[in-house]
Amino acid sequence: DPAEIARNDVWRRHADRSETLLRDTGGLLARHGVARFASRRDPEALADLVRDLGYAALGFSESDLGDPREQVLARVRALRARGVRTIATNLRCEPAAQALCDALVTGASGVPMVELSGQRVALLSYIDPAASARVGPDRMQGLRLEPLVGSMRAGVRVARAAGATLVVALADNGYGASGAASLIEAAGQLEAADKPDVVFVSEAGSEILFARPVGFRPAFVAAPTRTAVAVRIRRNEAAPLDLLAQPAAAGEPPPAFARFVPQGGAGHGWRSGATPPRVP
């Protein structure tokens, strides 16, 4: 029963973060050489960093698909062991690649939800099926990506059946405004009850920040390039769902980074607990 699967995959946020859900929009650990190096040499330290930064979930993106399979497996397993889900709703695995789907949360394994400020928030994540050709057959061996419209419809239905009051989707669907436009068109093919409430467009931040279609739902949000977006969501009488999206204010690096950075040093490889050499 898909609804029962979803009910069994609900987790609570820590009390001191009960008003905020921190979620990556894809590629957090796949784009940067340091992260790829850490994935290979010390995925546990990398997973500690993500957990200590407060992430509830990561989106699995095209850039993740493009990384070597063994590195991807190491980091998503380490993240899952720390309670951080990596979500790939429209990814499916053949038996030879099942280990990856077992480490991820796919649409076949359920819809993860967070209890947040009295809401049951369902989290979905999608990759453009055309990414299969871009990352190449070696990276896609044993994997396939289901069409966006059908997979989104199924995911939203499972989430609503499980009692979700807010459905949040991430879509890695191409760069800039054209990627957002294709998502708006795809969402337009869904019945009102099958639409998510909010869609984060992972690669559109260079050209858009916020968009709402004529049909009101879903709202589309993108983070400005190389930074973050803060989204405030509230319900009121005038509109079922009111959103405010703003670029997140810059601040000092969090303590988790200060703990993470000294663990590697030039000529020393990656060693948990290591300190960098002194510079004369």
**Study point:** Relative contact order (%) - the chain, alpha-carbon pairs under 8 angstrom, separation at least six
**Key:** 16 percent
Practice item. Among Phe60, Phe216, Phe200, determine the one that fluctuates most according to a GNM of the chain built with springs between C-alpha atoms less than 10 Å apart. Key: Phe216
Review point. Which value, in debye to the nearest 20, gives the size of the charge dipole of region 133-220 about its Cα centre, when Lys and Arg are +1 and Asp and Glu are -1 at the Cβ?
Key: 220 debye
**Study point:** Dipole of the chain [Lys/Arg +1, Asp/Glu -1 at C-beta], most positive-end residue of Gly66, Ala78, Ala180
**Key:** Ala78
Exercise for review: Give the accessible surface of region 148-220 per residue, rounded to a whole number of Å², with probe radius 1.4 Å and ligands, DNA and RNA excluded.
Suggested key: 38 Å²
**Study point:** DSSP beta bridges in the chain [antiparallel fraction, %, rounded to 5]
**Key:** 40 percent
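Shape of region 102-257 from its Cα gyration tensor (a ≥ b ≥ c, root eigenvalues): rounded if a/c is under 1.5, otherwise prolate when a/b > b/c, or oblate?
Working: a/c = 1.35, a/b = 1.13, b/c = 1.19.
The shape class here is rounded.
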Review point. Stretched out fully, how many nm does the piece from Thr227 to Glu207 gain, at 0.36 nm a residue minus the Cα gap?
Key: 5.9 nm
Practice item. Taking the Cα centre of region 98-252 as origin, sum charge times position over the Cβ atoms of Lys and Arg (+1) and Asp and Glu (-1), and report the length of that vector in debye to the nearest 20. Key: 240 debye
**Study point:** Size of the chain as Cα extents on the principal axes (Å, biggest first)
**Key:** 63, 43, 37
Revision key, fill the gap. Taking a probe of 1.4 Å and leaving out DNA, RNA and ligands, region 12-106 shows per residue an accessible area in Å² of 42 Å²
Review point. To the nearest 10 square angstrom, how much accessible area does Leu183 have with a 1.4 angstrom probe?
Key: 10 Å²
Point to revise | Computed over region 111-179: relative contact order in percent, which uses C-alpha pairs under 8 Å that are six or more apart | key: 46 percent
Revision key, fill the gap. The chain: longest segment with zero exposed GluC sites (Glu not before Pro), where exposed means DSSP loop plus at most 13 other C-beta atoms within 10 Å, is residues 20-190
Revision key, fill the gap. In a Gaussian network model of the chain with springs linking alpha carbons closer than 10 Å, the residue among Leu145, Leu22, Leu104 that fluctuates most is Leu22
Exercise for review: Run the accessible area of the chain with a 1.4 Å probe and give the carbon-and-sulfur part as a rounded percent.
Suggested key: 53 percent
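The values are calculated or read from the model by the stated rules, or taken from the named source; none is laboratory data. Everything quoted here is computed from the prediction, not taken from an experiment. Note that we place each Cβ from the backbone using ideal geometry, even for glycine, and neighbour counts take in every protein chain shown. When the accessible area is computed, the model is the full protein with side chains, heavy atoms only, and any ligands, DNA or RNA have been set aside. Shrake-Rupley method; radii C 1.70, N 1.55, O 1.52, S 1.80 Å.
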